[in-house]
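Read the structure below first, then the notes.
What follows is calculated from the coordinates using simple rules that are stated; it is not laboratory data. Since the model is a prediction, treat every value here as computed from it, not as a measurement. Ideal geometry is used to build each Cβ from the backbone, glycine not excepted, and the neighbour counts take in all protein chains shown.
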Amino acid sequence: MYPGHMSIDRVTAQYTQGNLLERIFEALRSAGKDPDTLTVEDLVPVDHFHTLGPLATMALAEATGFRGGEEVLDVGCGLGGPARTLAGRYGCRLTGIDVTPEYCRVAAELNRRVGLQDRIVIQEANALALPFGDRTFDVVWTMHVTMNIEDKTTLYDQLARVLKQDGKLAFFDVIGGEGDVHYPVPWADDPSINHLVDESQLRLLLSTAGFHVHLWEDVTAQGAEFFSKLVAAPLGSHLLITEMPAKMANLRRNLEEGRVRAIRSVCTFEGA
Ligand SMILES: C[S@@+](CC[C@H](N)C(=O)[O-])C[C@H]1O[C@@H](n2cnc3c(N)ncnc32)[C@H](O)[C@@H]1O
């Protein structure tokens, strides 16, 4: 059983759709794509489940400075869009972990359909109890996951433990700002699974776990603008979660009003 399994149940309930793969295939067909001959690019409108979509994945990859062939752990990999991008564009070997069983099943099936199943392993696991040995990965990558995790001391200790000395932690996260959050948001229908820390708390958590911050970019304004320009299409992030349009509208408002902020960062593990 996972640590904090009651809240994990609430997190998986937040994300589970039950028929996600079928809905994605149906939307792909409506968009003129054949689910039997898919490319990584075909999936991009739906499988980068975070503010700024695939642009954020590319920006974080550029900032990380991949040379090719790195062993990467994607913590909270979701449907696997970022993992497929890193494997396809940079030749990385990926392990993606996530607590939501349906997302793991969909991620593995989409990997198989685009021919990346030998480069990406998907495993159901909790970020708070990573099932890997110490000093395993060159890069630990995480996008829009930590908002659901309350025990951040254990989280950053776990991320540090599995990173090689001088390995990189690359993240794109929502953090707390000023004032109460408008609910529901995509990661939480109510405050019970919304666990945001502010910038100073996050910087302290990182340094305590042995990380040195090399890049810290606040992209809150770009995030708000992104949501203001999103156009509805059959294949889109609305498939991933119930009432997505209302949740994205609240996220936009929270970003605009500075109640939450979006941070892109790259750190190195320099020893605890
Ligand atoms: C908003 S989605 C982001 C998915 C993916 N990182 C992306 O950017 O496309 C958040 C993901 O975090 C996962 N998650 C939340 N808490 C987790 C935990 N404790 N351990 C592993 N995954 C977790 C959820 O199941 C969900 O797939």
For residues in region 227-270 being under 30 Å from Gly210 (Cα atoms) and small (Gly, Ala, Ser), which is farthest from the chain's Cα centre (by Cα)?
Gly258
Identify, by number, the condition in (1) in contact with a helix residue (DSSP H, G or I) (Cβ under 6 Å, 6 or more places away or on another chain); (2) buried (at least 19 other Cβ atoms within 10 Å of the Cβ); (3) free of Cβ contacts under 8 Å to residues at least 40 places away in the same chain that Cys104 doesn't meet.
(1)
State the number of residues belonging to region 222-272 that are among the acidic types (Asp, Glu), in a helix (DSSP H, G or I) and in contact (Cβ under 8 Å) with a residue 12 or more places away in the chain.
1
Only one of these conditions is not met by Asp118: (1) surrounded by 15 or more Cβ atoms within 10 Å (Cβ to Cβ); (2) more than 10 Å from the ligand (Cβ to nearest atom). Which number is it?
(1)
Among the residues of region 125-135, is any crowded, with 19+ Cβ neighbours inside 10 Å, closer than 23 Å to Thr12 by Cα and among the aromatic types (Phe, Trp, Tyr)?
no
Quick one: which residue in His182, His195 is surrounded by 15 or more Cβ atoms within 10 Å (Cβ to Cβ), part of a loop (DSSP other than H, G, I, E, B) and over 20 Å from the mean Cα position of the chain (by Cα)?
His182
With the condition kept exactly as written, say whether any residue in region 23-32 is hydrophobic (A, V, I, L, M, F, W, C) and under 15 Å from Ala170 (Cα atoms).
no
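Let me confirm something: among Val40, Val75, which residue is within 12 Å of the ligand (Cβ to nearest atom) and either β-branched (Val, Ile, Thr) or without any contact (Cβ under 8 Å) to a residue 60 or more places away in the chain (or both)?
Val75
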